[in-house]
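Everything below concerns the one structure shown next.
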Ligand SMILES: [Zn+2]
Ligand SMILES: [Zn+2]
């Protein structure tokens, strides 16, 4: 929906989607997306957002004075996958004009100490963001797949939901996110148990590994890549998957899928 490298007028973005116009993290309430803006004033408070050698973008959280905490925008970024929200990153090229850098996944965060606007030392949250395209191109290793198919379903669900282990570097947390993304996908395939979660029909064929072929579809987000919460992914046959994206009744169909998945999840994991 945004074109990487293209320049957008920030005010225009807010006319289209809403969301806070002044802050670095914008969370439109009517859309399942979060817009992140970098490069305008970060360096003022001692931190410049930047890429690590491992392809992780370090993005400073929200809050100009005092310790940063996980409220509002910071909470939204940390929990975007569980909330089924897409994360779009923009960088300022001049006042009011931003370049779209791509869709990201929050793979972790770290704390740093830095002075705030008034010169007082405080805790700063730095988010670790990885490009979502890395998740699409990283095919799960077959040994990992086998292990994921052999794990009891409820254990697998736990693994799919486990948040990053603390005290590891950004690169390791990114790897962990890849693993979690595979775990979620496999979990959803196994929850479907060989039958499309849209029409209930048997999967149309088996893969070369001998597993029923179904496609993961993200129910809230616009893209089908990256990690998500099992509540927001359905395993669909190719027909139903096309219907979910392209049919005239796609909105109603997605709502129906959300109800089906929610009902199934209630049985897998009563809460
Ligand atoms: Zn189907
Ligand atoms: Zn889809």
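Taking each residue of the range 232-246 that is in contact (Cβ under 8 Å) with a residue 60 or more places away in the chain and looking for partners that are more than 9 Å from ligand 1 (Cβ to nearest atom) and not in a loop (DSSP other than H, G, I, E, B) with beta-carbon atoms closer than 7 Å, six or more apart or interchain, yields 232/218. Which of the following residues is in contact (Cβ under 8 Å) with a residue 40 or more places away in the chain, part of a helix (DSSP H, G or I) and within 18 Å of residue 5 (Cα to Cα): 130, 134? The match here is 134.
Where helices (runs of 4 or more DSSP H) sit wholly within the range 168-271, those with at least 3 residues that are within 12 Å of ligand 2 (Cβ to nearest atom) occupy 238-246, 250-268. For the range 82-116, taking the residues that are assigned to a loop (DSSP other than H, G, I, E, B) and out of contact with any helix residue (DSSP H, G or I) (no Cβ under 6 Å at 6 or more places or on another chain), the one that is surrounded by the fewest Cβ atoms within 10 Å (Cβ to Cβ) is identified as 95. Based on what the data block shows, is residue 224 under 23 Å from residue 88 (Cβ atoms), surrounded by 13 or more Cβ atoms within 10 Å (Cβ to Cβ) and more than 16 Å from ligand 1 (Cβ to nearest atom)? Against the criterion (under 23 Å from residue 88 (Cβ atoms), surrounded by 13 or more Cβ atoms within 10 Å (Cβ to Cβ) and more than 16 Å from ligand 1 (Cβ to nearest atom)), residue 224 does not qualify.
Would you confirm whether or not the range 164-172 contains a residue that is over 16 Å from residue 106 (Cβ atoms) and within 16 Å of ligand 1 (Cβ to nearest atom)? Within the range 164-172, none of the residues are over 16 Å from residue 106 (Cβ atoms) and within 16 Å of ligand 1 (Cβ to nearest atom).
Output yes when any residue across the range 174-190 is touching a residue at least 60 places away in the same chain (Cβ under 8 Å), in contact with a strand residue (DSSP E or B) (Cβ under 7 Å, 6 or more places away or on another chain) and more than 14 Å from ligand 1 (Cβ to nearest atom), and no when none is. Yes, the range 174-190 has at least one match. Total residues in the range 53-73 satisfying the condition of being outside any loop (DSSP other than H, G, I, E, B) and surrounded by fewer than 19 Cβ atoms within 10 Å (Cβ to Cβ): the figure is 1.
Read the figures in this text as sums done on the coordinates, not as results from a lab. Because the structure is a prediction, the values reported are computed rather than measured. When we count neighbours, we look across all protein chains shown, and the Cβ atoms used for this are built from the backbone with ideal geometry, even at glycine.
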